[in-house]
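Worksheet: the structure to be examined is printed underneath.
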Amino acid sequence: MLIAGGGPAGLAAAVELGRRGIRVCLVEPRLTVDDDRPRAKTTSIRTMEHLRRWGLADRLRAVAPLSVSWSQDVIFCTALLGTELTRFRNAFGLYEGRSEHWAEPGQQIPQPLAERVLREAVADLSSVTCLTGHTVTGVEQDARAVRVTVTAGDGAARVIEAEYLLGCDGAGGVTREAAGAVYAGSSGERPNLSIVFRSPGLDRRIALDPAVQYWVVGPEASGLMGRLDLKDRWWAIIQRVDTRVSTPDPQALVRSLIGSAPDVPVRVVGTDPWVARMLLSDRYRSGRVFLVGDAAHLNPPWGGHGYNTCVGDAVNIGWRLAAVLQGWGDPALLDSYETERRPVAAQTITDSAAQEKLLAPSFAGHPLTGDGEAADRHRAEVAAALRAKAGEFHSEGLVLGYHYAASPVVVDDGSPVPSHTPRTYHGSGRPGARLPHAWLPDGRSLYDALGDGFTLLRLGPAPSAAFERSARARGVPLTVVDLTRTALHDRYGADLVLVRPDQHVAWRGSGDAGAGRVLDVVRGAG
């Protein structure tokens, strides 16, 4: 098994496969990760649940500079040293304490730190070999295998043969072209400029409450900024700044966001111009080549869904490939990867793109500083208008509520398909949905009781023997969890619930008649 690309998608796929004992070769051009290009900063509730399943959630939180307890808010203001306009609490799934709805809250952490945690996890897996400083430069395949040309930094090339290739090499890699796939979609209306800077002492000048993001609505420059650590490293995104037609001064732009503080030092350490992309590949698979993450879709960053969608792709294709390579999954199981994940990417792009017209400069039409009745009225009007941005910061319905009800490897029970409510999560035990979370009487998360393969939850008197016999006959790994002494039956709507390795419901029913047929469907042989 070969993975092209060692960003979040490739690393997540390597962890998912490596933990299942699959031999993996991961090829990644970068020797190290770049702290001055932090890119993603939001690890969603769903991604944190996957990290918990891998035993990595606590490790990631331990290295995150901003703990969830430090702040859960996004604040809109006239300047970092200015006046608050409004705030969004519990943004990006940041919640202190335990919630019945999920096993883990979200976490703010720069992508380079998240990648380091995943790199260390991959290094701990004896079944995974990492070729850093190497790039996949060519792909050929036939019915038997895929042959990948891997080129080192000095230009030396070799060919590695594998049964399958995961293309996690992003927009600029070779796997999408090798798969004959093309992007379709659009780009944002105006470019943006990301800046990393150091500013010792800036934190001591801020009168506003701690926030994971400060959105500045200002007359000279508008955008957002936040802390990379609790020392002196910060990030900023100046919205609607086109470096192709002008040469803006990044330090001056940062100072515009900060406000009047000429004595505060600002040292720019990195800049990165970019345009939001809303692009979706027309296919996710060609033979033995699968596109994962940015190679399959490019999401706009608003809401922080891009990196998390990549991890979701990796999990989805990872357990499928393991099932096929271990012999208990039918090769047809792989066909449902695109069926399940492409609609999720399309919906995520649509929901995120809706924020493209609601960036900070869109609200900077009136003077918002100063005293007096007019200034107070303008600030109140802008604060009211900013409520339209709630969907960017509160998206539990999108993050947790996506489902695979139309999948050929999910057994439809005829119940209503959950409607798409991007801001609010409504748990459903319907086949295809994420298994609604619960805390067990002994204090454990239900997710911690699930097996690495399929899990059968016993919630009522129906027997499980037929499923156990059928699973043994087919070599399907099956864990049976007896929950008959809990009060969870109504939450899941059946005596028996069959849960997939990715924590989505595959089937539910009130008896085990037809267990063999159910297992054949969910493993792709139905």
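Worth pointing out:
- Meets criteria (closer than 22 Å to LEU224 by Cα, within 24 Å of the chain's Cα centre (by Cα) and of a type in the set (A, V, I, L, M, F, W, C)) for LEU398: no
- Selection over segment 85-107 of residues that are farther than 19 Å from LEU359 by Cβ and not in a loop (DSSP other than H, G, I, E, B) gives a count of 2.
- Whichever residue in segment 408-457 is under 21 Å from the mean Cα position of the chain (by Cα) and aliphatic (A, V, I, L, M) and, among such residues, is nearest to ASP335 (Cα to Cα): ALA433
- Yes/no for GLY172 being over 27 Å from THR86 (Cβ atoms), surrounded by fewer than 14 Cβ atoms within 10 Å (Cβ to Cβ) and free of Cβ contacts under 8 Å to residues at least 40 places away in the same chain: yes
- The conditions of being at pLDDT 95 or above and either within 31 Å of the chain's Cα centre (by Cα) or more than 28 Å from HIS366 (Cβ to Cβ) (or both) are not met by VAL241.
- Just one residue in the set ALA354, ALA405, ALA380, ALA385 is out of contact with any helix residue (DSSP H, G or I) (no Cβ under 8 Å at 6 or more places or on another chain) and part of a helix (DSSP H, G or I); that residue is ALA380.
- Tally, over segment 234-273, of residues that are in contact with a strand residue (DSSP E or B) (Cβ under 6 Å, 6 or more places away or on another chain) and outside any loop (DSSP other than H, G, I, E, B): 18
- Residues that are outside any loop (DSSP other than H, G, I, E, B) and in contact with a Lys or Arg (Cβ under 9 Å, 6 or more places away or on another chain), drawn from segment 54-76: ASP58, VAL63, VAL74, ILE75, PHE76
- Cross-chain or 6+ apart pairs with Cβ under 7 Å, segment 18-43 first and at negative phi, then part of a loop (DSSP other than H, G, I, E, B) and aliphatic (A, V, I, L, M): GLY18/LEU125; ARG19/LEU125; ILE22/MET1; ARG23/MET1; VAL24/MET1; PRO38/LEU228; LYS41/ILE109; THR43/ILE109
- Residue match in segment 291-300 (condition: assigned by TED's automatic domain parsing to the domain that holds PRO38, assigned to a loop (DSSP other than H, G, I, E, B) and at pLDDT below 95): yes
The values are calculated or read from the model by the stated rules, or taken from the named source; none is laboratory data. Treat the numbers as computed from the prediction; the structure is a model and nothing was measured. Don't worry about glycine lacking a Cβ; one is built from the backbone with ideal geometry, like all the others, and counts go over all protein chains shown.
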